[in-house]
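A.B. asks: Starting off with a structure, shown below.
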Amino acid sequence: MRIIGCIVEDHNLAFVVLAALMCIAGSMVSTTLFRRTLIADGIARVHWCFLSAVTAGAATWATHFIAMLGYQPHAPVSLDGALTVVSALIAVGGIGLGLMLASVPMPRFAPLIGGATIGLALGAMHYVGMFAYRVDGIVHWDWRYVFASLVIAITCSIFAIRLLREDDARHRAWPAGISLVVAIVGLHFAGMAGFSVSAMDGYSRGPDSEAFAAMAAAIGMVGLLIIGTGISTYLLDRRTNSDGETRIAHIAMHDALTNLANRHQFTEALHDQCQLLEQDHSPFALMIVDLDRFKPINDTLGHPVGDQVLQRIASRLRTAVREEDMVARIGGDEFAVIAFDASDRDTITAIAERITEILSRPIVIQGNVVELSGSVGLALAPEHGTTPELLIQHADIALYSAKNNGRDTYRVFEPMLMETIKRRRSLEAALRRACMRDEFTLVYQPVFSSVNGKMTSAEALLRWTCAEHGEIPPSEFIPIAEELGLVSRIGADVLRQACSDAATWPDDIDLAVNVSPVQLLDPLLPQTVGQALADSGLAPGRLELEITETALLNNDEAALRTLTQIRKLGVRISLDDFGTGYSSLSYLHRFPISRIKIDKSFIQKLPDDSGSVSIVRAITQLGSSLSMKITAEGIETESQLAFIREQGCDEVQGFLTGRPIASAAFLAQTGRQADIVNA
């Protein structure tokens, strides 16, 4: 009752109302800033702590000072300016210290220590301010109320900090604000209830109410400005963060180049549609769109033009589908469409047909006419699957079928496409993973002199054991690697590893490495070869690159330039599988070839097949006349070996003389130099 009486009888209620408004506004803003301080880290926490301390300290001090100006002691009053300023600094500094203590990673003790510090700071501010309140009268203190005021301030501050440190603190800001209001109001009026003044004779005039009212209004305005600055800073930061989060969310869900949905958003949308399919059986369609002949655009016109082409393609795809459908870019030149309403199959196939038609239209960019097309694989849900994985797989299979049937068309998935295409697509995925994880191994097949049986070189052979399909022959996975654009990377890795291994062999053992037609057209191949030699320390004269006649057909001028540069490095060139291709003699004349390898298809028929005998003799004589070394590969019997030696072939290779073996085993064999031929 004493506290209520103090408010009603000893205070000007207008001042009390103004102080209450300041307290409520300041407390709510302060708890919002407190929460921002507690969740910040690093230097940001210091900045937010400073802003919170200034805002909360100013609001608390203004509340106290306005209420104190409303106190009516019936005696003359003056204010000590120095102590008044000190009381404000105590509030700011103490609250700042309390917030820093409350933010330490000690969940059990941080609210207690930090909240108690803030409560003590509020109490210190209040009573230093009271000492600055000079009354010409006899002052009496009831220490029971003083102690109670401190208990209220500390307890409520601890409770507020504990609320703000909880995981769902965003929903606890209002209760924490109310707790801080109680701390400030309880501190002030409980403290004032323990404060009384007895006027002395001759000093019965009270304080100058008009001056105090003006002062209270000024303090209130300044306090509100500080509070407004605090909340404005918070809202600006929140808006900035919100805009940043919105931009980040957009970036996370959209392709930067085309502004279409990216793979992440596509995956989520497809997953959601599959879940809806289980609930209300709403059919939808998935289309995988792959551009035909896009890589040559990048190679000939450059990637900037290629990017513009992709942007035009994205715009055309949005035009081809319905407004409610989703278009996503899920790869370099691969797109996906989710048609959300697929109740009418004819409508869906019409969309697929419209996509292929619109993608086949020429594109003019920077004066260049770009002509490409698109192939579409279509899977219907639930007819062709009810899970994202199955639908994507079936759409991919349909896409592969479309590309194998002339491209620039669409195909709807059919179960009969599964087996062949499923293996192919599985191998493609596995090959990509193998390329990233470096799952390939090298084995070496020794090559021997047909004259003295001495090992002269070894051919590096690539092997791949797929986790799902087992060992895959190079004749199957190399064409896939070429189609996927992986063969240059694989070839470069093979070259580096083979050169590194060969560098550990005796100096008289050379190395032969196969080069695919795709690699041969890569203008960076000479640089790759030079780098592999430099990294391994292998002498260029010990390396021989094997090419096929087919590799020379695609672009013989480009191949000639590449081989000439490689030959200048000191690396030798051999023509592999000679006799199975076009066998143009002009190749032997124009290209820097130093060795001919007779294909094993002729060797296997020796010495009984007269045709093979004639071909082998002719090749041997041709090589001798052109000063080229001759190697016969595929030697499997003693009779074949004897015939080859009679014809004057320089070197032999095959299962009879030596099977492909791992690097470590081959290194051991080079130390023995077994004379297999003469054995």
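A.B. asks: Take A503 and tell me if it is farther than 30 Å from L291 by Cα, open to solvent by less than 50 Å² (accessible area, probe 1.4 Å), among the hydrophobic types (A, V, I, L, M, F, W, C) and at pLDDT 90 or above. Walk me through how you get there before you give the answer.
C.D. replies: Numbers: farther than 30 Å from L291 by Cα: yes; open to solvent by less than 50 Å² (accessible area, probe 1.4 Å): yes; among the hydrophobic types (A, V, I, L, M, F, W, C): yes; at pLDDT 90 or above: yes.
So A503 fits the description; yes.
A.B. asks: Continuing with this model, one more query. So V518 fits all but one of (1) modelled with pLDDT of 90 or more; (2) not in a strand (DSSP E or B); what number is the exception?
C.D. replies: (1)
A.B. asks: Starting from residues that are open to solvent by 70 Å² or more (accessible area, probe 1.4 Å) and within 25 Å of the chain's Cα centre (by Cα), keep the ones in segment 414-438 and report whichever is nearest to Y400 (Cα to Cα).
C.D. replies: Taking segment 414-438 first, the residues open to solvent by 70 Å² or more (accessible area, probe 1.4 Å) are 414-416, 419-420, 422-423, 432-433, 436-438.
Still in the list and also within 25 Å of the chain's Cα centre (by Cα): 432-433, 436-438.
Numbers: R432: 17, R433: 19, M436: 23, R437: 25, D438: 26 Å.
Checking each candidate, the answer is R432.
A.B. asks: A further question on this structure: Looking only at segment 263-311, filter to residues that are aromatic (F, W, Y) and over 23 Å from the mean Cα position of the chain (by Cα); which one of those is nearest to A336 (Cα to Cα)?
C.D. replies: Within segment 263-311, the first condition is being aromatic (F, W, Y), and the residues that meet it are 266, 284, 294.
Filter once more, keeping what is over 23 Å from the mean Cα position of the chain (by Cα): 284, 294.
Numbers: F284: 13, F294: 16 Å.
Only one residue tops the list, namely F284.
A.B. asks: Applying the selection to segment 497-526, what residues are among the small types (G, A, S) and under 34 Å from the mean Cα position of the chain (by Cα)? Walk me through how you get there before you give the answer.
C.D. replies: Initial filter on segment 497-526 (among the small types (G, A, S)): 498, 500, 502-503, 512, 516.
The answer is A498, S500, S516.
A.B. asks: Which pairs have Cβ atoms under 6 Å, sit 6 or more apart or on different chains, and link a residue in segment 341-357 that is more than 16 Å from S315 (Cα to Cα) to one that is assigned to a helix (DSSP H, G or I)?
C.D. replies: As it stands, the answer is A342/I348, since those pairs meet every condition given.
A.B. asks: Moving to a separate point now. Looking at segment 39-55, which of its residues are surrounded by 24 or more Cβ atoms within 10 Å (Cβ to Cβ) and touching a residue at least 60 places away in the same chain (Cβ under 8 Å)?
C.D. replies: Across segment 39-55, the qualifying residues are S52, T55.
A.B. asks: What is the one condition in (1) open to solvent by less than 20 Å² (accessible area, probe 1.4 Å); (2) assigned to a strand (DSSP E or B); (3) at pLDDT below 80 that E546 does not satisfy?
C.D. replies: The one condition E546 does not meet is (3).
A.B. asks: Now for a different question. Residue by residue through segment 253-296, note down the ones that are surrounded by 15 or more Cβ atoms within 10 Å (Cβ to Cβ), of a type in the set (D, E, K, R) and either touching a Ser or Thr at 6+ places or on another chain (Cβ under 7 Å) or without any contact (Cβ under 8 Å) to a residue 12 or more places away in the chain (or both).
C.D. replies: Those that are surrounded by 15 or more Cβ atoms within 10 Å (Cβ to Cβ), of a type in the set (D, E, K, R) and either touching a Ser or Thr at 6+ places or on another chain (Cβ under 7 Å) or without any contact (Cβ under 8 Å) to a residue 12 or more places away in the chain (or both): D290, D292.
A.B. asks: I'd like to check something: does segment 643-652 contain any residue that is open to solvent by 50 Å² or more (accessible area, probe 1.4 Å), outside any helix (DSSP H, G or I), more than 20 Å from P506 (Cβ to Cβ) and among the small types (G, A, S)? Steps first, please.
C.D. replies: Residues of segment 643-652 that are open to solvent by 50 Å² or more (accessible area, probe 1.4 Å), as a first pass: 645-646, 650.
Subset that is outside any helix (DSSP H, G or I): 650.
Now drop any that are not more than 20 Å from P506 (Cβ to Cβ), which leaves none.
There is no residue in segment 643-652 that is open to solvent by 50 Å² or more (accessible area, probe 1.4 Å), outside any helix (DSSP H, G or I), more than 20 Å from P506 (Cβ to Cβ) and among the small types (G, A, S).
A.B. asks: Is one or more of the residues making up segment 93-106 in contact with a strand residue (DSSP E or B) (Cβ under 6 Å, 6 or more places away or on another chain), more than 21 Å from A62 (Cβ to Cβ) and open to solvent by 10 Å² or more (accessible area, probe 1.4 Å)?
C.D. replies: Filtering segment 93-106 for residues in contact with a strand residue (DSSP E or B) (Cβ under 6 Å, 6 or more places away or on another chain) gives none.
Checked segment 93-106: no residue is in contact with a strand residue (DSSP E or B) (Cβ under 6 Å, 6 or more places away or on another chain), more than 21 Å from A62 (Cβ to Cβ) and open to solvent by 10 Å² or more (accessible area, probe 1.4 Å).
A.B. asks: Now, a different point. Please find, within segment 590-619, the residue that is modelled with the lowest pLDDT out of those that are touching a Leu at 6+ places or on another chain (Cβ under 8 Å) and either assigned to a loop (DSSP other than H, G, I, E, B) or open to solvent by 50 Å² or more (accessible area, probe 1.4 Å) (or both). Please lay out each step first, then the result.
C.D. replies: Taking segment 590-619 and keeping what is touching a Leu at 6+ places or on another chain (Cβ under 8 Å), we get 590-593, 595-597, 612-613, 616.
Okay, now just the ones that are also either assigned to a loop (DSSP other than H, G, I, E, B) or open to solvent by 50 Å² or more (accessible area, probe 1.4 Å) (or both), so 590-593.
Working: R590: 76, F591: 80, P592: 83, I593: 84.
Among residues in segment 590-619 that are touching a Leu at 6+ places or on another chain (Cβ under 8 Å) and either assigned to a loop (DSSP other than H, G, I, E, B) or open to solvent by 50 Å² or more (accessible area, probe 1.4 Å) (or both), the one modelled with the lowest pLDDT is R590.
A.B. asks: Right, something else. Answer yes or no: is there a residue in segment 396-407 that is within 24 Å of H264 (Cβ to Cβ), of a type in the set (A, V, I, L, M, F, W, C), in contact with a Lys or Arg (Cβ under 6 Å, 6 or more places away or on another chain) and surrounded by 15 or more Cβ atoms within 10 Å (Cβ to Cβ).
C.D. replies: Checking segment 396-407: at least one residue is within 24 Å of H264 (Cβ to Cβ), of a type in the set (A, V, I, L, M, F, W, C), in contact with a Lys or Arg (Cβ under 6 Å, 6 or more places away or on another chain) and surrounded by 15 or more Cβ atoms within 10 Å (Cβ to Cβ).
A.B. asks: Being over 29 Å from the mean Cα position of the chain (by Cα) and of a type in the set (V, I, T) narrows it down to one of V529, V494, so name that one.
C.D. replies: Working: V494 fails: over 29 Å from the mean Cα position of the chain (by Cα).
Answer to the selection: V529.
A.B. asks: Please determine whether any residue of segment 667-674 is modelled with pLDDT under 85, hydroxyl-bearing (S, T, Y), within 24 Å of L533 (Cβ to Cβ) and surrounded by fewer than 20 Cβ atoms within 10 Å (Cβ to Cβ).
C.D. replies: yes
A.B. asks: Which residue is farthest from H281 (Cα to Cα), if the candidates are limited to segment 395-414 and must be outside any loop (DSSP other than H, G, I, E, B) and without any contact (Cβ under 8 Å) to a residue 60 or more places away in the chain?
C.D. replies: Taking segment 395-414 first, the residues outside any loop (DSSP other than H, G, I, E, B) are 395-404, 410-412.
Going one step further and asking which of them are without any contact (Cβ under 8 Å) to a residue 60 or more places away in the chain, we end up with 397, 400-402, 404, 411.
Numbers: I397: 24, Y400: 28, S401: 28, A402: 28, N404: 33, R411: 24 Å.
Residue satisfying both the conditions and the ranking: N404.
A.B. asks: Check every one of the helices (runs of 4 or more DSSP H) wholly within segment 254-342 and list those with 3 or more residues that are modelled with pLDDT of 90 or more and in contact with a helix residue (DSSP H, G or I) (Cβ under 9 Å, 6 or more places away or on another chain). Can you show your working first?
C.D. replies: Details: elements: 263-280, 295-301, 303-320.
Per the criteria, 263-280, 303-320.
A.B. asks: If you don't mind, there's one more thing I want to ask. Hey, any hits in segment 456-473 for a residue that's β-branched (V, I, T), out of contact with any strand residue (DSSP E or B) (no Cβ under 7 Å at 6 or more places or on another chain) and farther than 23 Å from N298 by Cα? Working first, answer last.
C.D. replies: Looking only at segment 456-473, we keep the residues that are β-branched (V, I, T), and these are 456, 465, 472.
Cutting the leftovers down to out of contact with any strand residue (DSSP E or B) (no Cβ under 7 Å at 6 or more places or on another chain) gives us none.
No, that holds for no residue.
A.B. asks: Now for a different question. Quick check on segment 381-390. Is at least one of its residues crowded, with 19+ Cβ neighbours inside 10 Å and part of a strand (DSSP E or B)? Reasoning before the result, please.
C.D. replies: As a first pass, look at segment 381-390 and keep what is crowded, with 19+ Cβ neighbours inside 10 Å: 381, 384-385, 388.
From what's left, part of a strand (DSSP E or B): 381.
Yes: segment 381-390 contains one or more residues that are crowded, with 19+ Cβ neighbours inside 10 Å and part of a strand (DSSP E or B).
The values are calculated or read from the model by the stated rules, or taken from the named source; none is laboratory data. Everything numeric in this text was worked out from a predicted model, so none of it was measured. Cβ sites come from the backbone with ideal geometry, for glycine too, and all protein chains shown count toward neighbours. Side chains included, ligands, DNA and RNA excluded: accessible areas come from the protein's heavy atoms. Shrake-Rupley method; radii C 1.70, N 1.55, O 1.52, S 1.80 Å.
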